Amino acid sequence: MINIILLGPPGAGKGTQAQRLVEAHGMVQLSTGDMLREAKDSGTEMGNRVAEVMARGELVTDEIVIGLIEEKLTGDNGGGFIFDGFPRTLAQADALGALMAKTGKTLDAVIELQVDDAVLVDRIVGRAEQARAAGQPVRADDNAESLKQRLMEYYKKTSPLIGYYYAKGDLRSVNGLGEIEAVAAEIAAVLPQPEPTS
Ligand code: AMP
């Protein structure tokens, strides 16, 4: 069982690659973005509170997302957890480390998906256009204004995690610019091998 973080800016392909790892290794995807959208769609008090913040492309409070992750860590972890879109701040990274230690788990690798900003904008605009063409709901934050804000939040608050995990010896950087298959192969090549269970 291995536990990993997928790190990268919005549109880097974290969700897509997480889904593939779920299928290939029976891992469990923990996406705080999905959890927050679920809370919003089901109209919980917390969901209502975060809806506007998310639509603007800002980060919701550390307290909320750490609480969401804490609830899931005691649940079924299948072939291991994939943290997707969490942590996004240094405080969240520290909290995750503490929660993992408390629950007797290890963080085995942090996989950084490296992409160009121009590609991110194209991908996100493309994601919104595809959803529109298919008659599916478009994410409230998949528009130019929110995207700019999401990128800014990433560079200001999340990108310091690259140095943080590098210093811990956990960082594995892969080129996230290729086709989905090619990126998946790069990830497979840097994924730590699970300890054999005896
Ligand atoms: P995502 O689906 O990962 O792109 O997340 C969508 C939005 O949810 C973000 O733009 C934030 O508003 C919020 N969000 C998701 N994960 C986090 C997190 N770890 N910390 C703070 N805000 C988050």
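The values are calculated or read from the model by the stated rules, or taken from the named source; none is laboratory data. No experiment lies behind these values; they were computed from the predicted model shown. Please note: Cβ atoms are built from the backbone with ideal geometry, for glycine as well, and neighbour counts cover all protein chains shown. The area values use the complete protein model at the heavy-atom level, side chains included, leaving out ligands, DNA and RNA. Shrake-Rupley method; radii C 1.70, N 1.55, O 1.52, S 1.80 Å.
Starting from the Cα of LYS168, step 7 Å along the direction of its Cβ; do the same at ALA185; then give the gap between the two resulting points in nm.
3.1
Quick check: at a probe of 1.4 Å, how many percent of the accessible area of the range 1-114 sits on carbon and sulfur atoms?
50
Counting only helical runs of four or more DSSP H residues, what would the 222 nm mean residue ellipticity of the chain come to if each run contributes -39,500 (n - 2.57) and the total is spread over all its residues?
-16500 deg cm²/dmol
In Å², what does the accessible area per residue of the range 134-182 work out to with a 1.4 Å probe?
61
Cross-link candidates for LYS157: which aspartates and glutamates have Cα within less than 13 Å, leaving aside residues fewer than 8 places away along the same chain?
Within the straight-line limit of under 13 Å, LYS157 reaches these aspartates and glutamates: GLU58, ASP62.
Can you work out the Karplus-derived ³J(HN,Hα) for every residue in the range 40-45? Use 6.51 cos²θ - 1.76 cosθ + 1.60 with θ = phi - 60°, whole Hz, and x for glycine or proline.
5, 5, 8, x, 5, 4
Under a point-charge model restricted to the Cβ atoms of Lys and Arg (+1) and Asp and Glu (-1), what is the dipole moment magnitude of the range 103-174 relative to its Cα centre, in debye to the nearest 20?
Dipole of the range 103-174, to the nearest 20 debye: 200 debye.
Between GLN114 and GLU23, what is the label-point separation in nm under the 7 Å Cα-to-beta-carbon projection?
About 2.7 nm separates the two model spin labels.
Hey, what did the chain get for relative contact order, percent, Cα under 8 Å, at least 6 apart?
Relative contact order, the chain: 33 percent.
Distance check, please: which entries in LYS40/LYS168; LYS14/LYS72; LYS14/LYS168; LYS40/LYS72 exceed 23 angstrom between their Cα atoms?
Those over the limit are LYS40/LYS168.
Diagonalise the Cα gyration tensor of the range 148-198 and give the resulting equivalent ellipsoid semi-axes, square root of 5 times each eigenvalue, largest first, whole Å.
The equivalent ellipsoid of the range 148-198 has semi-axes of 26, 18, 9 Å.
Beyond 25 Å, what share of the Cα-Cα pairs of the chain is found? Please give it as a whole percent.
Cα-Cα pairs of the chain separated by over 25 Å account for 35 percent.
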